[in-house]
1. Just a yes or no: is a residue in the stretch 294-304 more than 20 Å from the chain's Cα centre (by Cα) and within 27 Å of Met228 (Cα to Cα)?
2. Quick one: what pairs do we get from the stretch 243-268, first residue under 19 Å from Pro418 (Cβ atoms), second modelled with pLDDT of 95 or more and more than 16 Å from the ligand (Cβ to nearest atom), C-beta under 7 Å, 6+ apart or different chains?
3. Would you mind finding the one in Arg177, Arg165 that is surrounded by 21 or more Cβ atoms within 10 Å (Cβ to Cβ), of a type in the set (D, E, K, R), more than 14 Å from Pro244 (Cβ to Cβ) and within 18 Å of the chain's Cα centre (by Cα)?
4. Does Leu137 count as under 17 Å from Leu27 (Cα atoms), more than 14 Å from the ligand (Cβ to nearest atom) and at pLDDT 90 or above?
5. Hey, could you check the stretch 300-324 for residues that are under 18 Å from Glu97 (Cα atoms) and in contact with a helix residue (DSSP H, G or I) (Cβ under 6 Å, 6 or more places away or on another chain) and say which is nearest to the ligand (Cβ to nearest atom)?
6. Could you say whether any residue in the stretch 325-346 is within 14 Å of the ligand (Cβ to nearest atom), out of contact with any Lys or Arg (no Cβ under 6 Å at 6 or more places or on another chain) and closer than 18 Å to Lys426 by Cα?
7. Do the conditions hold for Arg100, that is, is it under 18 Å from His288 (Cβ atoms) and more than 15 Å from the ligand (Cβ to nearest atom)?
8. Taking the stretch 155-174 as the search range and keeping residues that are charged (D, E, K, R) and either under 23 Å from Pro206 (Cα atoms) or in contact with a Phe, Trp or Tyr (Cβ under 8 Å, 6 or more places away or on another chain) (or both), which one is nearest to the ligand (Cβ to nearest atom)?
Amino acid sequence: MSLRDFIEQARQAGYLVEIHREVNPHLELARVAAALDGRPVLFHRVTAPHPTPPSWHTTGEGATRVLVGAGSAREYYALTCGVSAEKLLPTLANALEHPRPPEMVESGACQQVVESDVDPSTSLRVGLGRLPILTHLPTDHAPYITAGVAIIRDPDYGRNVSFHRLMVTGPRTVVARIVEGRGTDTAWRKAQDGLPVAICVGNSLPVLLAASMSPPKGVDELGIANAMQPTPLVQCKTVDLQVPAESEFVLEGHITHQLADEGPFLDLTETMDFVRRQPVIEVDCITHRRDAIYQALLPGKLEHKLLMGMPKEPTIFAAVSQVCECRDVVITPGGTSWLHAVVSIVKRGPEDGRRAIEAAFAGHGSLKHVVIVDDDINLYDPVQVEWAIATRFQADRDLVVLADQPGSSLDPSATHVPGQKTRTAKMGLDATILWGANRKEYEKMRYEKVDAREYLNTGQSLDQ
Ligand SMILES: Cc1cc2nc3c(=O)[nH]c(=O)nc-3n(C[C@H](O)[C@H](O)[C@H](O)COP(=O)(O)O)c2cc1C
């Protein structure tokens, strides 16, 4: 399964938007993609020169096609996995629980072209400057790679696969945002001479989803991707790492111990993330497909939100299922697709709501607010969830507040101290029907459905 297979599937299904007009990767492309948020958009001619080019930036020589928004709706993941949108959560949960080791292949499309001459001393027309890397907003410090999946090896836990946004600072250097305490960070701290890394750009949705997951240490995320769709791997050219053979681009290099300012940059919460001192990555070799397609995702938009939030739904589901009967979980877009969840349960005892709140927080460490509802509430409809809070919840009885908890580094209202874990308050609302109450009094009464058009005068229409 490759990104190209997805493009073809999306085209056939009528989801794909194709733009043939020339578009500039500096600010313009992101604006167009933002206006089409929720659709996969293939830009065919991203050839315009960068208006304020660093001397090495020669966009137009390398990739000219850019795909944005591949993962911007649940239907697209379902399409890729060959299941209905309702079956997506069990499919993810199953892949997470039963990873399948990927097959190794001798040669991969991602290595059709090998460019090891990324040293600017050899030529200016090489390296990262050839890629149509987007500048999204005037406030971006530099162009950023946003859909890069970094593969590293930890000496104790093996392969780790995760997203790291990469700020481009030269033809062979990027500064990576590496969240402290996670897989890449812990491996990098152990590697005194720098950590070999392979960054894949232009990936299938299963690879993107797997990179967003945080399975237990030692579980191979590429095995999770492979359990969703076959994901063969190929050996890298200059580092001892294996990458999905179908990727569009692979940047091979090292995460050095040199630090540089990273940011400012827009993050998931649609607010500006802080500037931090972060590791510099040196790129030694770029391999890519002939006619490679560059992939980007818009920070703060639907694809970013779904990729962050959706993989947490199965982990919350698993945690809540240990304490009561969990029906469904949704991480809601209004809560930045990271900080808020709604969980539906089948209540079988007085404490199930409270237990579900505690378990949900355990299942997703960055969760800040959670609402527990009965299984007659449609989780995907915020009006129904609010209705459950309005009619089934009493704050002095059903509210759980936890002070001074470890929280998300993304929440601007939390307490952030450099070098320390963010602290936050958490809140759980048990909006399930009170145990022992007469359920009939809490159920929504519905009018019987009729076709109102039958009651209209001839010639009258309901169309506006
Ligand atoms: C679109 C997207 C962008 C992300 N950007 C970053 C990032 O810049 N830095 C980072 O450390 N984590 C980032 N993450 C989060 C990690 O990929 C994710 O938490 C991963 O599961 C961490 O895995 P690990 O705990 O196994 O290292 C991003 C996730 C997504 C979905």
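The values are calculated or read from the model by the stated rules, or taken from the named source; none is laboratory data. Just so we're clear, the structure is a prediction, and the values are computed from it rather than from any experiment. Quick reminder, even Gly has a Cβ in these numbers, built from the backbone with ideal geometry, and neighbours come from all protein chains shown.
1. Looking for residues that are more than 20 Å from the chain's Cα centre (by Cα) and within 27 Å of Met228 (Cα to Cα), one finds none in the stretch 294-304, hence no.
2. Matching pairs, first to second residue: His257/Gly194.
3. Step by step, each of Arg177, Arg165 is checked, and only Arg165 is surrounded by 21 or more Cβ atoms within 10 Å (Cβ to Cβ), of a type in the set (D, E, K, R), more than 14 Å from Pro244 (Cβ to Cβ) and within 18 Å of the chain's Cα centre (by Cα).
4. The answer is yes for Leu137.
5. Looking at residues that are under 18 Å from Glu97 (Cα atoms) and in contact with a helix residue (DSSP H, G or I) (Cβ under 6 Å, 6 or more places away or on another chain), I get Pro311.
6. Checked the stretch 325-346: at least one residue is within 14 Å of the ligand (Cβ to nearest atom), out of contact with any Lys or Arg (no Cβ under 6 Å at 6 or more places or on another chain) and closer than 18 Å to Lys426 by Cα.
7. No: the conditions fail for Arg100.
8. Arg165
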